[in-house]
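The values are calculated or read from the model by the stated rules, or taken from the named source; none is laboratory data. Values in this document were obtained by computation on a predicted structure and should not be read as measured data. Neighbour counts are summed over all protein chains in view; Cβ atoms, including those assigned to glycine, are modelled from backbone coordinates with ideal geometry.
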Amino acid sequence: MTIPHDALSKLLFSSEILVRDLLLGLIEDPWLHSLDFATLEKVPSEFVTDDLKHRMSDVIWRLQAQGQWVYIYVLIEFQRTVDPWMAVRVMTYVGLLYQDLIRRGQVLEGQRLPPVLPIVLYNGDARWGAARDVAELIPTPPGLVAQYVPHLSYLLIEEHQYADEDLAKLRNLAAAMIRVEHAASPEVLPQVVELIYELVAGNAALEQTFAIWISAVLSRRSGGALVLPKETSLKELKMTLSHRFEVWAKGHEQRGQEKGFQEGRQEGRQEGEQVLLQKLLIKRFGPLPAEVLKQLACASTEQINTWADRVFEAASLDEVFRVH
């Protein structure tokens, strides 16, 4: 999949509805559930370090705790592969967040820092085997030095660990998202898309984002063999999926492949990636000039990959398509 998974996930989790459903539906903690979710507020995830270098985490939210302006910060990282150094990355992001709060004078009374809940949302197929606390990466030294080994852990959510039948019982966007990513068969997807459409009804921005994301997931899972129309909305998507899957599955059967998500054609994959990048560019910058559409139509996979990496950091179309 050329469009980066974490970029699309970041776009989805810029919605307070999805963050709320993740925290309430997939994390069991009575105190966390008792917080005022009406106060959920997205905060900047780009930091400037003391040496003036920019660092980006994925998404950060805060919400009020126990009716007071004492915030708990929720830092969410998205992973498709197992990163053996994830604990170090999380520790770095938490440190940068605290540094930024201190710089902006947003510490608690008595010069204290707010709690942070670091979450790693992992949607890969392999079992997560990386250390969950940075201390696990450091051999315990003898004597005095052992007292100063740092400890910082993160909450891991492994999407593939959830059974579809359990997720189906939840009327929850985060659960529906996992069902789309890990569907065992294509037949279940129209029902899940129908549920997503019901849950985001009236939220045009989130509906469009889900349409882009679902198109990306299906393109990746089908190896590019399933390419959806360029202007598909979530409403149109749920109406056409059943027919598309039937045609797509028959084509795979004729080639002696399984009906499930297996390898597809490179041509279809590239076309799907062009469509997804076009949708992201329109969402980010508005209607595209004719010359940009022409560039996309003629682009190689490598070019699409380069431009996609720039979509969320670029301030203009010119920056996305810059030569160097």
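Looking at the range 159-207 only, could you name the residues that are of a type in the set (A, V, I, L, M, F, W, C), within 18 Å of the chain's Cα centre (by Cα) and not in a helix (DSSP H, G or I)? Those that are of a type in the set (A, V, I, L, M, F, W, C), within 18 Å of the chain's Cα centre (by Cα) and not in a helix (DSSP H, G or I): 183, 200.
Of all residues in the range 179-205, those that are in the same structural domain as residue 217 (by TED's automatic domain parsing) have Cβ atoms under 9 Å from Cβ atoms of residues that are aliphatic (A, V, I, L, M) and outside any helix (DSSP H, G or I), 6 or more apart or on another chain, in 179/168; 186/226; 188/168; 189/183; 191/168; 192/168; 192/183; 195/168.
For every residue, the table says whether it meets (1) under 21 Å from the mean Cα position of the chain (by Cα); (2) at positive phi; (3) buried (at least 18 other Cβ atoms within 10 Å of the Cβ); (4) in the same structural domain as residue 314 (by TED's automatic domain parsing).
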position: 66; (1), (2), (3), (4): no, yes, no, no
position: 75; (1), (2), (3), (4): yes, no, yes, no
position: 90; (1), (2), (3), (4): yes, no, yes, no
position: 106; (1), (2), (3), (4): no, no, no, no
position: 109; (1), (2), (3), (4): no, no, no, no
position: 114; (1), (2), (3), (4): no, no, no, no
position: 121; (1), (2), (3), (4): yes, no, yes, no
position: 126; (1), (2), (3), (4): yes, no, no, no
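Here is a yes/no grid of residues against (1) assigned to a helix (DSSP H, G or I); (2) within 30 Å of residue 44 (Cα to Cα); (3) among the charged types (D, E, K, R); (4) modelled with pLDDT of 75 or more:
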position: 209; (1), (2), (3), (4): yes, yes, no, yes
position: 213; (1), (2), (3), (4): yes, yes, no, yes
position: 229; (1), (2), (3), (4): no, no, no, no
position: 241; (1), (2), (3), (4): yes, no, no, no
position: 259; (1), (2), (3), (4): no, no, yes, no
position: 271; (1), (2), (3), (4): yes, no, yes, no
position: 296; (1), (2), (3), (4): yes, no, no, yes
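Being modelled with pLDDT of 90 or more, in contact with a Pro (Cβ under 9 Å, 6 or more places away or on another chain) and crowded, with 20+ Cβ neighbours inside 10 Å, is that true of even one residue in the range 176-194? Among the residues of the range 176-194, not one is modelled with pLDDT of 90 or more, in contact with a Pro (Cβ under 9 Å, 6 or more places away or on another chain) and crowded, with 20+ Cβ neighbours inside 10 Å, which makes the answer no. Checked against (1) free of Cβ contacts under 8 Å to residues at least 60 places away in the same chain; (2) in contact with a Ser or Thr (Cβ under 7 Å, 6 or more places away or on another chain), residue 78 meets all criteria but (1).
Every condition in (1) touching a Ser or Thr at 6+ places or on another chain (Cβ under 8 Å); (2) at pLDDT below 85; (3) not assigned by TED's automatic domain parsing to the domain that holds residue 108 is met by residue 6 except one, and the failing one is (1).
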